[in-house]
Amino acid sequence: MEMKLDRQVILKRLLDIVLVAAMLYAALLAFGVIRRGGRFQEGRDAPPLSGAAVADGRQVDLSQFRGKAVLLDFFSVGCPSCKRVLPDVEEIQQQGGERLQVILVSTDPPEQLKSYLAAQDSRLLAVVEDGTAHRAYGVDTIPYLVVIDPQGKIRGDFIGDIRWSDIEPYLP
């Protein structure tokens with residue numbers, strides 16, 4: 001009986017350790033300490049993306065931007081973290097200038113997204129799509145950001161925050 005009790009105690013403590021580790025990982029991820037998404041092997045071709053530009057309704061396709069680096073920001077108006085990161089993404093676009101195209105990718109209703117971005121005085125290219133790109137990129141947490149080099153290859157993916165130093169090496 002004593003041997004069985006020891007095993008149960010050990011198993012319970014092991015389970016406690018696993019649960020604490022999972023909670024710690026989730027907290028670090030939520031606060032931006034762990035940033036790398038790691039969903040894509042670097043150098044893999046970026047999945048396609050197409051949708052309607054919120055500003056004018058024109059069709060936007062990722063392939064239009066070959067020759068310049070692209071930062072995809074999977075975004076939603078209802079996401080507090082997305083809103084918190086938006087000024088940083090705006091700054092990255094300004095620093096990148098003509099060498100970088102930032103694209104906010106959303107499944108929000110176009111008028112809702114347009115209204116929110118106007119209130120923020122955002123000039124970022126925002127594209128509304130039907131969820132196809134979200135599925136292709138495996139988006140299950142937002143903000144989810146993907147760095148694509150000028151040749152259309154994925155160079156990094158991030159959950160939450162992103163910094164200029166994450167983008168700069170991939171600019172032409």
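The values are calculated or read from the model by the stated rules, or taken from the named source; none is laboratory data. Small disclaimer: the values here were computed from a predicted structure and weren't measured. FYI the Cβ positions are ideal-geometry reconstructions off the backbone, even for glycines, and counts take in every protein chain you see.
Things worth noting here:
- Residue that is surrounded by the fewest Cβ atoms within 10 Å (Cβ to Cβ), among those in segment 101-118 that are among the small types (G, A, S) and within 25 Å of W164 (Cα to Cα): A118
- As a summary of the residue check, Q93 satisfies the conditions (1) over 12 Å from the mean Cα position of the chain (by Cα); (2) surrounded by fewer than 19 Cβ atoms within 10 Å (Cβ to Cβ); (3) assigned to a helix (DSSP H, G or I); (4) of a type in the set (S, T, N, Q) except for the one numbered (2).
- The set of residues in segment 54-82 that are in contact (Cβ under 8 Å) with a residue 24 or more places away in the chain and either part of a helix (DSSP H, G or I) or in contact with a Cys (Cβ under 7 Å, 6 or more places away or on another chain) (or both) comprises L62, S63, F65, F75, S76, S81, C82.
- Residues in segment 130-152 that are part of a loop (DSSP other than H, G, I, E, B) and surrounded by fewer than 18 Cβ atoms within 10 Å (Cβ to Cβ): D130, G131, G138, D140, T141, P150, Q151, G152.
- Residues located in segment 43-85, provided they are surrounded by 13 or more Cβ atoms within 10 Å (Cβ to Cβ) and of a type in the set (S, T, Y): S50, S76, S81
- Any hit, segment 61-72, residues being over 16 Å from V147 (Cα atoms) and not acidic (D, E): no
- Residue satisfying all of: in segment 9-53; assigned to a strand (DSSP E or B) and within 18 Å of the chain's Cα centre (by Cα); modelled with the lowest pLDDT among these: R36
- Scope segment 155-172; condition touching a helix residue (DSSP H, G or I) at 6+ places or on another chain (Cβ under 9 Å), in a strand (DSSP E or B) and closer than 17 Å to T141 by Cβ; matching residues: G156, F158, I159
- Failed item in (1) farther than 23 Å from D45 by Cβ; (2) in contact with a strand residue (DSSP E or B) (Cβ under 7 Å, 6 or more places away or on another chain); (3) in a helix (DSSP H, G or I); (4) acidic (D, E), with D108 passing the rest: (3)
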